Amino acid sequence: MLPKITGNHRWAQNGVTVAGNHEWGDNTNQLQLPEGLFVNNDQTMVIADFGNHRIIEWKVGNKHGQLVAGGSSKENPSDQLKWPTDVLIDKETDSLIICDQGNRRVVRLPLQSGTSQGEILIDNITCRGLAMDDQRYLYISDYKKHEVRRYQIGDKSGTLVAGGNGKGAGFNQLNFPTYLFVDRQQNVYVSDKENHRVMKWNKDAKEGIVVAGVQGEGNADNEDLNSPLRLSWLLDQNIGGYRAGAVRSLTDNSMWHKVIYCN
């Protein structure tokens, strides 16, 4: 079980490398422009290794990862990937769901590599981020349509849950949405990259609420964000966001705390 993390916690300023070896490459001990990351209950990671067109599984303490999807070609057979940006594990089916951005699709592949061909869940989508709620609804950000949709597995059209009103900075708009988190009430948190903010869209809402960042490109101030990307959710309902060389934690009273810097 993960520890309860509050706004008073601080992370050590010197992190520990758990995947990769400080040099990019395509060996199993290397990564090249890693993007999405999913951590399983046993702390095993699956990593969208964007530049190597593959998904790597990495166990804590290991020097090498294991290839579990893609990696042999950028072409578009259902078991190969091109510029994957995000990945999650569907525990009910023991499978990976992958945002296969370069092939403009979302695919499902067995977690045990080599057991079968992949399945295209959704195609013709410029996906960037994925999330799955407790009811196994799948949420996908489309950064060219500037929207987030919710899908039942097998549904190809989905339901609009955030954005969808064209590119912009209004409360009913997004501008290059990237990564997502969905809470137990099906509220959606979106890294609204080019608006330099994190938005919360309550279930069935027509507009979002700014929960982090301020309008305009951020700087070093604690309340600013600059092209936020990844979101994570901590057990006491804090939000984590990655921004331009820093990782920050947003507590319930909306105060930012800088916790660790990325080299």
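Derivation of every value follows stated rules applied to the coordinates shown; laboratory data play no part. From a predicted model like this one, the values you see are computed outputs, not experimental measurements. Positions of Cβ are backbone-derived with ideal geometry, glycine not excepted, and every protein chain shown enters the neighbour counts.
Things worth noting here:
- Among Tyr151, Tyr179, Tyr143, the order by Cβ neighbours within 10 angstrom, fewest to most, reads Tyr151, Tyr143, Tyr179.
- This ranking places Asp42, Asp79, Asp94, Asp142 by how few other beta-carbon atoms lie within 10 Å of each, fewest first, which gives Asp42, Asp94, Asp79, Asp142.
- Put a plus charge on the Cβ of each Lys and Arg, a minus charge on the Cβ of each Asp and Glu, and nothing anywhere else: the dipole of the stretch 118-170 about its Cα centre is then about 240 debye.
- Overall form of the stretch 34-227: prolate. Here a/c, set by the Cα gyration tensor axes a ≥ b ≥ c, is 1.5 or more, and a/b is the larger of a/b and b/c.
- Couplings 3J(HN,Hα) of the stretch 128-133, computed from phi: 10, x, 10, 8, 10, 8 Hz, in residue order, whole Hz [Karplus 6.51 cos²θ - 1.76 cosθ + 1.60, θ = phi - 60°; x for Gly and Pro].
- When +1 charges are put on Lys and Arg Cβ atoms and -1 charges on Asp and Glu Cβ atoms, the dipole computed for the stretch 34-227 relative to its Cα centre reaches about 340 debye.
- Cα-Cα over 21 Å, subset of Lys91/Lys193; Lys59/Lys82; Lys63/Lys91; Lys82/Lys203; Lys167/Lys193: Lys91/Lys193; Lys59/Lys82; Lys63/Lys91; Lys82/Lys203
- Which of Ile47, Ile89, Ile209 has the fewest Cβ neighbours within 10 Å, and the rest in rising order: Ile209, Ile89, Ile47
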